[in-house]
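S.K.: Starting off with a structure, shown below.
The values are calculated or read from the model by the stated rules, or taken from the named source; none is laboratory data. This is a predicted model, so every value here is computed, not measured. A quick note on method: Cβ atoms are made from the backbone with ideal geometry, for glycine too, and the neighbour counts reach across all protein chains shown. In case anyone asks, the SASA skips ligands and DNA or RNA and just uses the protein heavy atoms, side chains included. Shrake-Rupley method; radii C 1.70, N 1.55, O 1.52, S 1.80 Å.
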Amino acid sequence: MSLPFDQRTGVIWYDGKLVPWSEATLHVLSHGLHYASCVFEGERAYSGTIFKSTEHSERLRHSAQVLDFEIPYQVAEIDAAKQLVLDTNGQADAYVRPIAWRGAEMMGVSAQHNKIHVAIACWEWPSYFDPAQRLKGIRLDLADYRRPDPKTAPCLAKAAGLYMICTISKHKAERKGYADALMLDWQGRVAECTGANVFFIRDGKLHTPIADAFLDGITRRTVIELARRRGYEVVERRIMPEELNGFSECFITGTAAEVTPVSEIAQWKFSPGVISQQLMEDYTAEVQPKGKAAAA
């Protein structure tokens, strides 16, 4: 069993300064804990450089604005703080987690004047899925919960509260022997997995759901760009579950998952093939800092 996260060593950037890992705490009556007024990012560093760090920092600030609060640090300051944490902890290949939340000044639904806290941690985290299984394609369950109507939740923010149904769905899938779960949207259309976007392949074309009811992942956008560089057509459209029989390959994308092929979604089967493998390799090459990859 890995060491619990509250018992690890190193430093965490907390409200503008580095503090020992064990001292990066918050009060039990923090608004972010009770009312989910909290946003975060998931990022990866490769060979000492955080991939698309600025895009992640921009999204963090945007997510906070969607939740009606302003992060008290500019994008360049957040970028610098993330790199400082990475360098100080001496980690070249790591997962980076910036997070911002409302503090404990007021406990109630309305907390417009609560202090906004920001913290950044990093730790070593290998592939989200078992490496051997990843090449064969992971198995996905079909989640009971659906991604909410954008009129009912801030779906385009990376907000903590949106992940409640993801945790429930992933736990249920794992208990049934699956690696993750595919979620539909509120209208029954294919949406995403619990923490990753999804792509399908048919006749050499990539098909992926329109990201208007869930997060348009930075990894998702990167893979679309990589696919188009290869000359593959990428079609963003509505996809219904009954269409899944017609796709030959499937893979998911995300900072944690990177590019991971899928062999099964409930009753639908796929065969990880040439395109999935090519995009896995292209993504691996893309995330390496330019110059360092050639020297490695």
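S.K.: Using +1 on the beta carbon of Lys and Arg, -1 on that of Asp and Glu, and nothing else charged, what's the dipole of the range 1-98 about the Cα centre, debye to 20? List each step's numbers first, then the result.
M.R.: On the way: 8 positive and 13 negative charges, 37 e Å.
Charge dipole, the range 1-98, about its Cα centre: 180 debye, nearest 20.
S.K.: So what's the net charge close to Ser30: Lys and Arg +1, Asp and Glu -1, counting the other residues with Cβ under 12 Å from its Cβ?
M.R.: With Lys, Arg at +1 and Asp, Glu at -1, the net is +1.
S.K.: Taking the Cβ of Thr222 as the center, what net charge do the other residues with Cβ under 14 Å away carry, scoring Lys and Arg +1 and Asp and Glu -1?
M.R.: Around Thr222, the surrounding residues sum to 0.
S.K.: Heavy-atom accessible area per residue, the range 235-296, 1.4 Å probe: how many Å²?
M.R.: About 43 Å² of surface per residue is accessible.
S.K.: Separate question: Report which label in (i) 124; (ii) 140; (iii) 103 holds the value of volume of the Cα convex hull per residue in Å³ derived from the coordinates of this structure.
M.R.: Structure-derived value, by its label: (ii).
S.K.: Follow-up. What is the calculated FRET efficiency for Ala266 to Ala92, with r their C-beta to C-beta distance and R₀ = 25 Å, to the nearest 0.05?
M.R.: Using R0 = 25 Å, I get an efficiency of 0.05.
S.K.: Could you look at the chain and say what percent of its accessible area is carbon and sulfur, using a 1.4 Å probe and all protein chains? Walk me through the intermediate numbers first.
M.R.: Details: 7540 of 13920 Å².
Roughly 54 percent of what the probe reaches on the chain is carbon or sulfur.
S.K.: Accessible area per residue of the range 7-62 at 1.4 Å probe, in Å²?
M.R.: 46 Å²
S.K.: Aspartates and glutamates within cross-link reach of Lys136: Cα-Cα under 19 Å, excluding same-chain residues under 8 positions apart?
M.R.: List returned: Glu174, Asp180, Glu249, Glu258, Glu264, Glu281, Asp282.
S.K.: Over the range 84-157, one equal point on each Cα, no solvent: what is log10 I(q)/I(0) by the Debye formula at q = 0.15, 0.21, 0.24 Å⁻¹?
M.R.: Per q value, in the given order, log10 I(q)/I(0) is -0.96, -1.01, -1.04.
S.K.: Here is a further query. Considering only protein heavy atoms, what per residue accessible area in square angstrom results for the range 65-187 with a 1.4 angstrom probe?
M.R.: Details: 6390 Å² over 123 residues.
I get 52 Å² per residue for the range 65-187.
S.K.: Using Cα centres only, tell me the gap between the range 6-30 and the range 87-123 in whole Å.
M.R.: 9 Å
S.K.: Now for a different question. Tell me, in nm to one decimal, what length is gained between Glu281 and Ile210 on full extension, where the rule is 0.36 nm per residue of separation less the Cα-Cα distance?
M.R.: 23.1 nm
S.K.: With the contact rule set at Cα under 8 Å and sequence spacing of 6 or more, what percent relative contact order holds for the chain? Present the calculation step by step, with values, prior to reporting the outcome.
M.R.: Numbers: 581 pairs, mean separation 51.2, N = 296.
Taking the mean separation of contacting Cα pairs over the length of the chain, I get 17 percent.
S.K.: Let me ask another. Checking the a/c ratio against 1.5 first, then a/b against b/c, what shape does the Cα gyration tensor give for the range 1-124?
M.R.: oblate
S.K.: With a 10 Å radius around each residue's Cβ, average the other Cβ atoms per peptide and rank 47-54, 280-287, highest first.
M.R.: 47-54, 280-287
S.K.: With axes computed from alpha carbons, what is the tilt in degrees of helix 53-66 against the longest principal axis of the chain, rounded to the nearest 10 within 0 to 90?
M.R.: 70 degrees
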